[in-house]
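Step one of this worksheet: look at the structure below.
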Amino acid sequence: MALLDILVYPDPRLRNKALPVETVDKAISQLIDDMAQTMYAAPGIGLAATQVNVAKRIVVIDTSENQDQLQAFINPVPTGTGEQVETEEGCLSLPGVIVPVKRHSEVRVSALGKDGKPFELHATGLLAICIQHEVDHLDGKVFVDYLSQLKRDRIRKQLLREGRGSDKSSGQHKESVPAI
């Protein structure tokens, strides 16, 4: 397994839209393992392939406290249900940035697992938020897109000033809100 570089906002490659995975093979399985290792090391609870500059519709998530419940979603298709709730979100591609975002409280998602087999899942709570956050990445959207232009510009300038807004890896960071 290998640690991958995480793209940092405002890197334009974060705007790339991911393409569906045609075949789940050893290369895809290895990518999932590398993404998981990268996510855990960052540390985070979710990572989309586009965040590591791979334009494939793959997401890894582990919202467990012990980091022992890794879930892989290949070609995820979520459908939001439930009410809209506002939660504080962080992101591995925006180190240290935490902002309120409104999302569905529940989602149904259909996807392929790491084994290539289709599955469906009903998610609530943090897992539902994380799935929506990561699928946004696959669609070329970053969570600050939910903010006003003024707030996005401030965050962009802050990251650039701190030297984090380039194509460098985000490196290690800790924050009170889990980085998705």
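The values are calculated or read from the model by the stated rules, or taken from the named source; none is laboratory data. Since the model is a prediction, treat every value here as computed from it, not as a measurement. So basically every Cβ, Gly included, is an ideal-geometry build from the backbone, and we count neighbours across all protein chains shown. In case anyone asks, the SASA skips ligands and DNA or RNA and just uses the protein heavy atoms, side chains included. Shrake-Rupley method; radii C 1.70, N 1.55, O 1.52, S 1.80 Å.
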Review point. Tally time: how many residues in segment 1-17 are surrounded by 13 or more Cβ atoms within 10 Å (Cβ to Cβ) and under 17 Å from Lys114 (Cβ atoms)?
Key: 1
Practice item. Working carefully through the options Lys168, Lys157, Lys151, Lys114, find the one that is at pLDDT below 95, open to solvent by 60 Å² or more (accessible area, probe 1.4 Å), under 22 Å from Asp33 (Cα atoms) and basic (Lys, Arg). Key: Lys168
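Is segment 52-65 home to any residue that is at pLDDT below 95, loosely packed, with under 14 Cβ neighbours inside 10 Å and not hydroxyl-bearing (Ser, Thr, Tyr)?
Yes, because at least one residue in segment 52-65 is at pLDDT below 95, loosely packed, with under 14 Cβ neighbours inside 10 Å and not hydroxyl-bearing (Ser, Thr, Tyr).
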Check your understanding: Given the conditions (1) surrounded by fewer than 17 Cβ atoms within 10 Å (Cβ to Cβ); (2) part of a loop (DSSP other than H, G, I, E, B); (3) touching a residue at least 40 places away in the same chain (Cβ under 8 Å), and given that Ser29 satisfies all but one, which numbered condition is not satisfied?
Key -> (2)
Practice item. Would you check if there is a residue in segment 72-87 being in contact (Cβ under 8 Å) with a residue 40 or more places away in the chain, open to solvent by 60 Å² or more (accessible area, probe 1.4 Å) and not hydroxyl-bearing (Ser, Thr, Tyr)? Key: no
Review point. Does segment 99-111 include one or more residues that are under 23 Å from Asp33 (Cβ atoms), open to solvent by 50 Å² or more (accessible area, probe 1.4 Å), assigned to a strand (DSSP E or B) and out of contact with any His (no Cβ under 6 Å at 6 or more places or on another chain)?
Key: no
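With respect to Thr50, is the statement that it is within 30 Å of Gly163 (Cα to Cα), of a type in the set (Val, Ile, Thr), in contact with a helix residue (DSSP H, G or I) (Cβ under 8 Å, 6 or more places away or on another chain) and in a loop (DSSP other than H, G, I, E, B) true?
Working: within 30 Å of Gly163 (Cα to Cα): yes; of a type in the set (Val, Ile, Thr): yes; in contact with a helix residue (DSSP H, G or I) (Cβ under 8 Å, 6 or more places away or on another chain): yes; in a loop (DSSP other than H, G, I, E, B): no.
Criteria not met by Thr50.
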Exercise for review: Determine the pairs where a residue that is closer than 20 Å to Ala111 by Cα, located within segment 1-23, has a partner that is assigned to a strand (DSSP E or B) with Cβ atoms under 6 Å apart, the partner being 6 or more residues away or on another chain.
Suggested key: Ala18/Lys56; Pro20/Asn75; Val21/Lys56; Val21/Ile74; Val21/Asn75
Review point. Do we find that Gly96 is under 21 Å from Pro12 (Cβ atoms), touching a His at 6+ places or on another chain (Cβ under 8 Å) and either at pLDDT 95 or above or not in a helix (DSSP H, G or I) (or both) in this structure?
Key: yes
